[in-house]
Each structure stands twice: as C-alpha cells, then as structure tokens.
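The values are calculated or read from the model by the stated rules, or taken from the named source; none is laboratory data. On a predicted model such as this, the values are computed, not experimentally measured, just so you know. Heads up, the Cβs are rebuilt from the backbone with ideal geometry, glycines too, and the neighbour counts pull from every protein chain shown. The accessibility values were calculated without ligands, DNA or RNA, using every heavy atom of the protein model including side chains. Shrake-Rupley method; radii C 1.70, N 1.55, O 1.52, S 1.80 Å.
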Amino acid sequence: MIRNPLAWGAWAVAALAAAFIGRSPFLQLMLVLVLINIWLVYRGPRGSTYWKVGLVLAVVPILFSAALSRFGRHQWFSLPPNIPVIGGAWTWEAVVYGASTGVALLLTVAVFAVLRSTVRSADLLSLLPQPLYRAGTAVALALAFAPKTAASFTAIREARRLRGYRAGWRSAPGMLVPLLLTTLEQALQYGESLDARGYGSGHRSRYRPLPWSGLDGAVVAASIAALILTLGFSPPPYNPYLDLAPMPPTALGLVSIVLLATPAVTAALPRVDHVDHRA
C-alpha cells in the first residue's frame, strides 16, 4: 500500500486537475468510480462525513444554477416572469451546468477525504522547505481549530440544555464567553505543546523516517503522466450552453483517469514478506 506523503501529494494534484479541467461528464463519472475504489481501500473512521459534505456541495450548484440562470434552448418548465429572481424559463442547460460544477466540488472533497485518511498533517509539513515550515505549521494549527471549536460548541450547548437553559439564537450571547474561553485554553495547550517540543529553537528533526518503496514511485510516475495528459492533451472544456450533448471522451482522457487508479491497483497486489531462512 502507498505510505509516502509525496506520492499522495502528486496523486492529489493530478486528481484535482482532472476534476476541474475539461468537465466531461464521462470522465467525471469515471473519476468518481476511481475515488470510491481508492477510498474503500484507504478509508478512515470518519471518511463518510466528507462524502456527506461533498453530496451537499454537489446539490447546491444545481439549485443555484437552475434558479438563477435563464440561458439555454431546452426549456424544462416556466414560471411567471413577474416572480422575482426565480421567474422565467428554467432550462436543462442550467441544470447540467450546475451538475457539472457540483460534481467537480464533490470530486474535490473526495480527493481531500482520501488525503485525510492516508496522510498525517505532520508528514505533509515535513515536506515543506525551511522558509515555509513555520507558515505551514500556523495554517495547519488554524485548520485544526475549526473542528475542535465546533465540538466545543456542541458540548457547551448540550451542557446548557441539561441545565435547563433555553436553546435557540437568543442563547448565543450566553454561549459566546464559554466558547471563547475554551478556544483560548486550547490555544494555550497548543503553545505549551510546541514549546515542549522545542519548536523554533533550531533545525527540524524527524522522529520517524518517511518510507519510500517502488509502489510509491509507481504512483508518482502515474500521477505525473496523468497530469501531463490532462494539461497537454485535454479537449476543449464541456459547456452545456453551447451543446447540451457531451462529446465522447478521447483515448488519452480515458488513460489519464485510469492512471489515477494506481493507488487502488497497488493495494490489490499481494504482499511479499521477506523472511530470513537460516539453517
């Protein structure tokens, strides 16, 4: 299985490029199937949350595009024009354009879900050059505060509810101070942890070396090849407002998506245990 964060980083860049360049529905569907297979092999305990968020992000652009866009020749239905914002003809071109954008967002969330399940943030930070290491650490800590703040908010709300306080938007001022104090306490804990580890006192040290194998090299090579095919040989992007029926994908486009399935293929290979046979 793939362990090196550099291999996963190269794969993620190639997958994101395939998700946003071209927007062919056929290639997007293939990429969804590839990401599902990879996620089933490398998934973590909280992977389903990312897919739920991705599905929500996939539906929202469809609603916005269909409700706000009035372009296109294939009418779905029509509302009275005197209705503000949503009045007028609703077209299939707007729905398909929103679906294409929503699937691209779903693919983005799925790529980061795979990265979250396979790569530690500390390993990603170790790949940064020395001038960017402190900035990367600050960004990683800032991103880590978001889920912890949400968990603290839920805990404070449940505690207030058990004590008989009224729930709702009127209780927001009473929750602000405990939430702020909890966040400051977590920030102090992070600072003490960094100070105990000698952060900023000298050169970086690495507790465990990052493993590198032939399978990692194969994933990097396949990702670079897929990125070159996507950037250099990608057909014109699909635009449903110009032609609702999508063009069939090219052979190079299919190959670029198949190359992104390399992590799933390597995970299916049998493991070889090297045992020393001594007489």
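For the structure I just gave you, tell me whether Val96 is over 15 Å from the mean Cα position of the chain (by Cα) and either under 22 Å from Leu6 (Cβ atoms) or not small (Gly, Ala, Ser) (or both).
Numbers: over 15 Å from the mean Cα position of the chain (by Cα): yes; either under 22 Å from Leu6 (Cβ atoms) or not small (Gly, Ala, Ser) (or both): yes.
So Val96 passes the test.
Among (1) at pLDDT below 85; (2) open to solvent by 50 Å² or more (accessible area, probe 1.4 Å), where does Val60 come up short?
(1)
If I ask for residues that are in contact (Cβ under 8 Å) with a residue 12 or more places away in the chain and either in a loop (DSSP other than H, G, I, E, B) or buried (at least 20 other Cβ atoms within 10 Å of the Cβ) (or both), which ones from the stretch 77-89 would you list?
Quick first cut of the stretch 77-89, residues in contact (Cβ under 8 Å) with a residue 12 or more places away in the chain only: 77-78, 85-86, 88-89.
Listed by number, the residues that qualify are Val85, Ile86.
Here's the yes/no breakdown for (1) at pLDDT 85 or above; (2) surrounded by 10 or more Cβ atoms within 10 Å (Cβ to Cβ); (3) of a type outside the set (Lys, Arg):
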position	(1), (2), (3)
Arg197	no, yes, no
Asp216	no, yes, yes
Leu244	no, yes, yes
Gly253	yes, yes, yes
